[in-house]
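K.L.:
For reference, the structure I am asking about is given below.
The values are calculated or read from the model by the stated rules, or taken from the named source; none is laboratory data. Model, not experiment: these values are computed from the prediction. Glycine also receives a Cβ, built like all others from the backbone with ideal geometry; neighbour counts cover every protein chain displayed. Side chains are part of the model used for accessible areas, which takes the heavy atoms of the whole protein and leaves out ligands, DNA and RNA. Shrake-Rupley method; radii C 1.70, N 1.55, O 1.52, S 1.80 Å.
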Amino acid sequence: MIEETAIVTRCEGEQAWVKAQRKTACGQCQVNKGCGTAVLASVVGQKASHMRVLNSVQAREGETVVIGLHESAMLSGSLAVYLVPLLSLFLFAVTGKVLAEQLMISAVEGVSILFAVIGMLLAIVWLRAFNRRIANDSRYQPVILQRLPSSGLTAASSIHAVTPEP
């Protein structure tokens, strides 16, 4: 299970919206600031991710929680998003090239590019269908695993403490 700490921002029945800080592994790497990932992270900055999770522990707004996602869901999702479009693009490009050569079409590269674009579009259509199919499947949904003890200051009370009274 892949785990991350997040803050609950909104609750909706059995689901909640959480905000988690995006992290990179650059602090643990020996190369540290000498690689492209570190440079890109410094340019883009640390942004927060907002996501919907299953609220199995009945967490409330402002609470800090640990969310988790099964590795198999991450792996299959990554394969779907990265590998399927890439394979589709290459397979359709090669198919277009072979077909153009067999039909003795002079614009072999143009046919190959056209087939590659068709392959990519078909992969996008497949991805949309895949996304709809898994959207409500609990195996692919992150879930709140546990509440973390608060430091005595919730998000709501910290906002209230800063707001001046009239």
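K.L.:
I'd like to check something: does the stretch 108-131 contain any residue that is open to solvent by 70 Å² or more (accessible area, probe 1.4 Å), charged (D, E, K, R) and in contact with a Ser or Thr (Cβ under 9 Å, 6 or more places away or on another chain)?
P.N.:
no
K.L.:
Which count do you get for residues in the stretch 109-123 that are within 24 Å of the chain's Cα centre (by Cα) and of a type in the set (Gly, Ala, Ser)?
P.N.:
2
K.L.:
Would you confirm whether any residue within the stretch 77-93 is hydroxyl-bearing (Ser, Thr, Tyr) and open to solvent by 80 Å² or more (accessible area, probe 1.4 Å)?
P.N.:
Within the stretch 77-93, one or more residues are hydroxyl-bearing (Ser, Thr, Tyr) and open to solvent by 80 Å² or more (accessible area, probe 1.4 Å).
K.L.:
Scan the stretch 153-162 and tell me whether some residue there is on the phi > 0 side of the Ramachandran plot and at pLDDT below 90.
P.N.:
No, the stretch 153-162 contains no residue that is on the phi > 0 side of the Ramachandran plot and at pLDDT below 90.
K.L.:
Just one of the numbered conditions (1) at pLDDT 90 or above; (2) over 21 Å from residue 21 (Cβ atoms); (3) in contact with a strand residue (DSSP E or B) (Cβ under 8 Å, 6 or more places away or on another chain) is not true of residue 124; which one?
P.N.:
Here residue 124 meets the rest and fails (3).
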